[in-house]
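Visitor: Got a structure here, written out as C-alpha cells. Questions coming.
Every number here is computed from the coordinates shown, using simple stated rules; none is lab data. Quick caveat: nothing in here was measured; it's all calculated off a predicted structure. Cβ: placed from backbone, ideal geometry, glycine included. Neighbour counts: every protein chain shown.
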There are 4 protein chains.
Amino acid sequence: MNFKSDNVHGCNPEILAGLAEAAKGTVDSYGDDPVTQRVEARLAEVFEHEVTVFPMTTGSSVNALILASMVDPWGAVLAHPESHINVDECGAPEMFTGGAKIIPIEGENAIMDSGTLKTTLDGYSFGFVHAVQPQAISMTQATEAGAVMSLDEIATLAGIAKDKGLKVHMDGARFANALVALDCSPAEMTWKQGVDVLSFGATKNGCMAAEAAVFFNKDLAATTHYRRKRAGHLVSKMRFVSAQLDAYLADDLWLGNARHANAMADRLTEGLKQLPGVDFMSPTMANEIFPILPRAVTAKLREAGFDFYDWGTPGAGGIRLVTAYATDPADVEAFIEKARGLLMEDAAD
Amino acid sequence: MNFKSDNVHGCNPEILAGLAEAAKGTVDSYGDDPVTQRVEARLAEVFEHEVTVFPMTTGSSVNALILASMVDPWGAVLAHPESHINVDECGAPEMFTGGAKIIPIEGENAIMDSGTLKTTLDGYSFGFVHAVQPQAISMTQATEAGAVMSLDEIATLAGIAKDKGLKVHMDGARFANALVALDCSPAEMTWKQGVDVLSFGATKNGCMAAEAAVFFNKDLAATTHYRRKRAGHLVSKMRFVSAQLDAYLADDLWLGNARHANAMADRLTEGLKQLPGVDFMSPTMANEIFPILPRAVTAKLREAGFDFYDWGTPGAGGIRLVTAYATDPADVEAFIEKARGLLMEDAAD
Amino acid sequence: MNFKSDNVHGCNPEILAGLAEAAKGTVDSYGDDPVTQRVEARLAEVFEHEVTVFPMTTGSSVNALILASMVDPWGAVLAHPESHINVDECGAPEMFTGGAKIIPIEGENAIMDSGTLKTTLDGYSFGFVHAVQPQAISMTQATEAGAVMSLDEIATLAGIAKDKGLKVHMDGARFANALVALDCSPAEMTWKQGVDVLSFGATKNGCMAAEAAVFFNKDLAATTHYRRKRAGHLVSKMRFVSAQLDAYLADDLWLGNARHANAMADRLTEGLKQLPGVDFMSPTMANEIFPILPRAVTAKLREAGFDFYDWGTPGAGGIRLVTAYATDPADVEAFIEKARGLLMEDAAD
Amino acid sequence: MNFKSDNVHGCNPEILAGLAEAAKGTVDSYGDDPVTQRVEARLAEVFEHEVTVFPMTTGSSVNALILASMVDPWGAVLAHPESHINVDECGAPEMFTGGAKIIPIEGENAIMDSGTLKTTLDGYSFGFVHAVQPQAISMTQATEAGAVMSLDEIATLAGIAKDKGLKVHMDGARFANALVALDCSPAEMTWKQGVDVLSFGATKNGCMAAEAAVFFNKDLAATTHYRRKRAGHLVSKMRFVSAQLDAYLADDLWLGNARHANAMADRLTEGLKQLPGVDFMSPTMANEIFPILPRAVTAKLREAGFDFYDWGTPGAGGIRLVTAYATDPADVEAFIEKARGLLMEDAAD
C-alpha cells in the first residue's frame, strides 16, 4: 500500500499493448517514424494549436531542456522556491542552461505570489550587467503542494511575465490531474493563458517513461533538437516513447486515469477529515494530500504496511500521500480505517 | 528492408514480456526496486566482477556520464576521430564533462593506433596548466568501422593509458556483437584487459531503450548518482528500464541475438564478395558491413526498397549495411540477389 | 565628489612605483617570477600560515574560482541572499562551478543568521540525489550592508558549516576595512575561525586591479591552477599583478588606506547623525554607510555634484555612500554641510 | 637573455606614464569612463570602421569570449590544430562556449589549408542533430608557427567560411607584428577580408596586461557584456586597462614596438642562416623564429644564459626564439655569436 508517489505504480495495460504494436517491423530511428508523427498530430488536436513536440523519458530532462530554450546562461527563471525545478532536480536546469539562476518567488500552496512577482520584476535591474537577467517564469500545475492553479491565476502570472518580455513555462508533471480538476480544455489551461511551452507529464499518470516538451511557441523549439541530442535524450528507438504517449492520449485514457487518481485523493481527504486531530498543510485539489498526524500514528501506519513520505517542517508530523491511476480503493479505505483506529488509541493514551 | 542501423528494429518478444511482468504492483521509484537490483547482480555474474550499474535509456548519455566520471573539465579523452563520442553525439561528452576535450588518435578500422597513442602521451605536457590534461581513453568495441578489437589490442591500448594514470572506457554500443565474434568471456573483453567502465549497449541488440553504465572501478561511480540525476537520466519508473536488461540477460537472449546479427552480416559479406566489382572499406567482423558499389547500383537498390546509409568519402560509393537480431535472412538474400542483378546490368552498360 | 564605490578612485602612488620597478628586465611569465613568489611569502607572514596564493585582476573571478574549488557542479553554496556572489556577479559562480546553486540564508546586516543556517543544514537531504548537495558556505567581510562580522560570528557560522563537512569561504573584497575595524590580526579573522579560503581584495583599497585567492587549505588549491588558466585569469605578465599586491602589503600601506577609508565613513556617519530626519538602514562599521534621506534631498545632492547609488527598497530614500583610501576629508565635510542645508530647506517646506 | 616569449618583457615607459595619468581623480567604474571611451574611438579610427570594444587583461579570455559570441554550445569552430585556442588555453573556449568543439583543419605554417577547409565544410552534415554544427572559423595572425598570412590567404579562408554562414575570428595576439610585416592597413588585414571580430593583442607588444575584443560585427557583441561580467573579466577600475591601450595606440607606439621586434627576429634569422648546420622549421615572418640546432648546442646555449623553449617534435632539436619591443640588439648578436662558436665546436667533435 504505497502512497509515496504516483510513480510507484506500473503502467496501464493499454500502454503495454501500444508498445507491443509498435514493436513490429522496421522504422527509421530518432523520431522519424509514423507513431512519433501521430503523437505530434494528436497533441496539436488536444491543444487546438500547432505544436512542436519532443518526446522524452524523464520529467527533469523535459523541464531543463525547455528552460534552456528560454534563458541564456546569464538569465534567470523566476519560480516558487518549492518548485520541482528548484529543489528536486539536482541542478538539472542549471546544467542544461549553462548556469542560469532560479530566483525564488514565495507564495501560498507553492504558487508564486503575483504581487511579489510583479514587485520583483518592477524593481529588477534589467540591462545591468552585474545581475543575471530574468527571461522566464516557471509554474507547476498541479503544484508541489497539491494545489491546482485557477485559469485566472495562470493568466495573471503569465501576464506579468509577458509584460516584461519573459517567457512562460508550465511544468505539467501532473498536468492531467490538474486538468480534470479544473474541468477545462487543455488549451484553456495553457496557451490561452499565455503559456509558451509545457512539460506534458505522462509517466506519473499511467505511462512507463514518457513525457513531452510541447512548444506552442515554435520559435523557441528551434535549438531544442540539438540540445536534446547533446543531453543524451534523443532516444534511438523513439517509437517506443511515442507509442506510450499515443496509447495514453487514445480514447481519453489519460483523462480517465487522472479522474480516478483525483477521486482517490478526494476520498482519502474526506475520510481523514472526519477523524479527530487531523489537520492539513494545504487543500487537496488534485491527487496529492498533505495531512498532519501525530507522529506516533504515522509510525504505526508505516508498521502496518502503509508507505509515504514525511513532508514539510521536520518533526511537525506532516506527511504526503499520493494517489494514482491504479490506486486501489480498498487501500484507501484501509488507510482511513487504520488511521481512525490509531488516532483513537492515540487520543486514549 | 531497412539496413540503416540496428536501431531500426523493434524489440524481442521476451523484452515485452519482461515489461508486462514488471508492470505489476507498486515498487519504489528511481531504482530502489527488486528488478534493478537483480540486473546489477546478473551483470556482476556475467562479468565475474563486482560492479556498480546505472541503467539508462540512451547510449549517448551512458557514454557522456562515464566520461564525466573520469575527466575534469580541463581534462581530455583520447579517442579515435571517427568514434561515436567524437562525431555522433552533438557534443554530449563536452556538455557532461563541463568542457573537456577529445583528442583524436588516428588508426585503421577506427581503432586508435597504439604507437600514435603512446607517442602522443609520451610527448604530452602533463602538469602544464596551458594544456588540457589527458585523463582517459575511450575505445569502441565493436568499432565504428565494424571491426572487432582483439583482446591484445584492447590490452595494449589500456596498458599505455594506465601507464600514464589514465582511465579506460569502452563504448560497447555493440558489445554483444563483438563478444560473440571473439568468442571470449565478458570479463576477458573488459576488466581483464584494463577496462575501468563499460557502456553496455542493449538497445541495438533487441531492447527498446536500455543501456547500462557498468563500473568495474567502483570509486569512479561515486559521483555518477548525482550526475545522472542532474542530467535528467534517472528514470522514475526505473523498473521498466531494468526489466529490459533483465530479460535481455536471461537465458542468453543477448548472445543469441548477437549471433544472429553477425551471421546475417557474414552472409551478406560472403554474398557480396562473390559479385564482380564489389570492394570493402573494412573487414566485416561483427554486424556492420561497408561495401563499395557503383553509385548507379546503390541508387537502384534504394529504388528497389533497400534502405542504408552512404558512408566514407562523399561520392566514393561506400555504403553501410547493418544487420540485427531481427534481420530476416530472406532480406539478406534478396539484397544479394538484387545487387547481383544490378551489377551485371551495370557491367553490361 | 564621487561616493558611488571605493573603486571610483585611482591607486596609491606606491602602487605606480611598484609597477615601474617591476617593469624592468625580463622574467618568466605566468607567475614564475620573483615578485609573485615574494607576494606569496608576504601573505604567509601576514596570515601566520602556509598559503597558496593566486593573484588575479578581479574580485568576481577570485570568488568564483574559490567556490569552484569547493563545490561540485551538483553542489551548493549557502550564502546571504544579498551577497555579492548571489546578486552582483551575473552568475559567475554558476559558470565557474559548472552549475552549482547558491542557497540563500537570510539574516540581518547581510550576515547569515546562524540559527537559520543550522536549521537548514540539519534538515537537509544530504545524500539524496534529487537535491543539490551543500558543500560550502560563503560569508562576506565586511558585508554588503556595511557590517563587520565579529570573530565570534565568523567562528559560529564556520563551525556550523564544518560540523556538516562544508568548506568555508570568506569574500574579503573589503577585507582590510573589516580588519582595521576589528583591530585583530588577519589570522584571527580567517583561518583561526575556520576560514578555508579567502578572497583577499586589494583593488577597492588602493590597487589598480589586484586581488588574490588565498588558500589556507592547500588541498583545495590543487585544481585551481587549471581552473584559473581555462577561465582566462592567468595573466601572462603576472609580475604586474603581483607588484601591486607587493607594494600594497609593504609598509602597511593597505592598513593605512583602510584606516583612512573607515575614518571618513565614521566622520560622514557622525555628521549625518546630527542632522534632523536622517535615519540609517544599517550601522556603519567599515567604509560604507547607508543613510535614508528625503528623496528631494538626495536629488539636490546629486545636482550639487555628489554622486552615489540609491539602495534598498526602491523609493524608500535609502542611499549608499562609500569612502576609500583617497577620499578627501573636504568632500566629506562638503557632503555633510550640503545635506544639512538641504534638510533644513526640506523641513521648512 | 630571455627569448622564451614576448611576454617575458616588462612594458614601455609610455604605458607606465599613461597609468600614472589615469590614476588621477575619480571616475565611474566598469568602463563608464573617458579613457575607455577614447580607446574605442581610437580603435574605430585605426580600423576605419565602427567597432564595439571590450578591453580585458588576457588573450585567452578575449579569444574565448569572442568564440562564445559566435557559436552555440553545440557549435564548432574550425581552426588549425596548433592554434592557441586549441592547445594553449586549457579548454577556455570550451568553458566559455558551454562545450563547443574545435574541429582541427591541418595546413602548413599553422595556417588552415583552404582546400581542406572547403572540403570539410562541403561534406559536413549541417542540420544533422547528431553532429556539432560549424558556426565559426578562427585564424591566428601572425600564426603560431611564426608565419604571417597574406591578405589573400585571409580573404580565401574567410570567404569559404562566409559562404557557409560561418563567422570569422582572427586571433591577433601578435597582430601588430603581422601588420607591420605586411605593411598594410589594419582595415585591410581584418574586416576588408571578412573578419567579424578580432582579438587585438597588446600585452606581448609592450603593454602590461591589456587586450581587446574588437567587434566589427556589432550584432555579435550584444551578449558579450554579460558574458564578460560572468567570466569575471569586467575589471572594476577599467580605466587602467584602457589607459594602457590608449598609450599603446598613441603616437604609433604599437607600430614602432612591432617593427623593432620584427627587425630583431630578422637579424637573428639572418645571423643563424649564415651558420653551418642550422635549419628552420618555418620561415621567419614576424617576431618568432624556429631554428633547428644540434641538441648539444641548445644545451650549451642555455648554460650560457640564453633562455628559450624546445619546439616541435620532441628530440628533433627544434627551438623557438621570440623577440619583442624591448629585445636588446646586443642580446641578439650575443646569441648569434655564441651559436656560431658552439656549432663550430660541435662540428669539430
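Visitor: Residue by residue through the stretch A:98-115, which ³J(HN,Hα) values in whole Hz follow from phi under the Karplus form 6.51 cos²θ - 1.76 cosθ + 1.60 (θ = phi - 60°), with glycine and proline marked x?
Guide: Calculated HN-Hα couplings, in order: x, x, 5, 9, 9, 9, x, 10, 5, x, 6, 6, 6, 10, 4, 6, 5, x Hz.
Visitor: Another one. Taking H as built 1.01 Å from N, whose amide H comes closer than 5 Å to the amide H of C:K167, not counting residues under 5 places away?
Guide: C:A136, C:I137
Visitor: Now for a different question. Where in the stretch D:324-349 is the amide nitrogen less than 17 Å from a point lying 7 Å along the Cα-to-Cβ axis of D:A304?
Guide: D:328-349
Visitor: What are the ³J(HN,Hα) couplings of the stretch B:63-77, residue after residue, when phi is run through the Karplus curve with 6.51, -1.76, 1.60 and θ = phi - 60°? Round to Hz, x for glycine and proline.
Guide: After applying 6.51 cos²θ - 1.76 cosθ + 1.60, I find 4, 5, 5, 5, 4, 5, 7, 9, 10, 6, x, 9, x, 9, 10 Hz.
Visitor: Can you put B:C207, C:C184 in order of Cβ neighbours within 10 angstrom, beginning with the fewest?
Guide: C:C184, B:C207
Visitor: While we're on this one: For D:P283, which inter-copy label distances result when the label point lies 7 Å beyond Cα on the Cα-to-Cβ vector, reported in nm to one decimal and in ascending order?
Guide: Its label point is 4.7, 7.4, 8.3 nm from the equivalent points in the other copies.
Visitor: Give the average, rounded to an integer, of partner chain Cβ atoms located within 10 angstrom of each Cβ in C:48-59.
Guide: Across C:48-59, the average partner-chain Cβ count within 10 Å equals 2.
Visitor: Would you mind listing the distances between the D:E48 label point and the same position in each other copy? Use 7 Å along Cα-to-C-beta, nm, one decimal, shortest first.
Guide: Label-point distances to the other copies, shortest first: 6.2, 6.6, 7.6 nm.
Visitor: Between copies, how far apart are the C:E303 label points? List them in nm, one decimal, shortest first, with each point 7 Å from Cα toward Cβ, please?
Guide: Inter-copy label distances (nm, one decimal, shortest first): 7.8, 8.1, 8.8.
Visitor: Order by neighbour count: C:I85, C:I160, fewest other Cβ atoms within 10 Å first, most last.
Guide: Least to most surrounded, the residues fall as C:I160, C:I85.
Visitor: Please report the antiparallel percentage of DSSP beta bridges with both residues in the stretch B:154-302, rounded to the nearest 5.
Guide: 65 percent
Visitor: Determine ³J(HN,Hα), in whole Hz, for all residues of the stretch A:208-222 in sequence, where each value follows from phi through the Karplus function 6.51 cos²θ - 1.76 cosθ + 1.60 and θ = phi - 60°; x replaces Gly and Pro.
Guide: Result, rounded to whole Hz: 7, 6, 8, 9, 8, 8, 10, 8, 7, 8, 5, 4, 5, 6, 3.
Visitor: Let me ask something else. Using a 10 Å cut-off around each Cβ, can you sort C:S69, A:S185, B:S199 from fewest to most neighbouring Cβ atoms?
Guide: Result, fewest neighbours first: A:S185, C:S69, B:S199.
Visitor: Rounded to the nearest Å, what's the spacing between the alpha carbon centres of the stretch B:246-298 and the stretch C:242-294? Just the number, please.
Guide: Comparing the Cα centres of the stretch B:246-298 and the stretch C:242-294, I get a distance of 79 Å.
Visitor: Treating only the Cβ atoms of Lys and Arg (+1) and Asp and Glu (-1) as charged, compute the dipole magnitude of the stretch C:204-289 about its Cα centre; round to the nearest 20 debye.
Guide: Roughly 620 debye for the stretch C:204-289.
Visitor: Oh, and also: Below 21 Å, Cα to Cα, which lysines can C:K237 reach? Residues fewer than 8 away in the same chain don't count.
Guide: Correct list for C:K237: C:K24, C:K229, D:K4, D:K204, D:K237.
Visitor: Taking the Cα centre of the stretch A:285-349 as origin, sum charge times position over the Cβ atoms of Lys and Arg (+1) and Asp and Glu (-1), and report the length of that vector in debye to the nearest 20.
Guide: The calculation lands at about 160 debye.
Visitor: Which aspartates and glutamates does A:K162 reach when only Cα atoms under 13 Å apart count, and residues fewer than 8 places away in its own chain are ignored?
Guide: Within reach: A:D122, A:D196.
Visitor: Projecting each Cα onto the charge dipole of the stretch D:263-328 (Lys/Arg +1, Asp/Glu -1 at the beta carbon, about the Cα centre), which of D:P276, D:L321, D:I289 comes out farthest on the positive side?
Guide: It is D:P276, whose Cα lies furthest towards the positive end.
Visitor: Moving to a separate point now. Magnitude of the Cβ-charge dipole of the stretch C:56-145, K/R +1 and D/E -1, about the Cα centre, nearest 20 debye?
Guide: For the stretch C:56-145, the charge dipole is close to 280 debye.
Visitor: Then there is this: So what is the 222 nm mean residue ellipticity for the protein assembly as shown from helices alone, if each DSSP H run of at least 4 adds -39500 (n - 2.57) and you divide by all residues, rounding to the nearest 500 deg cm²/dmol?
Guide: -13000 deg cm²/dmol
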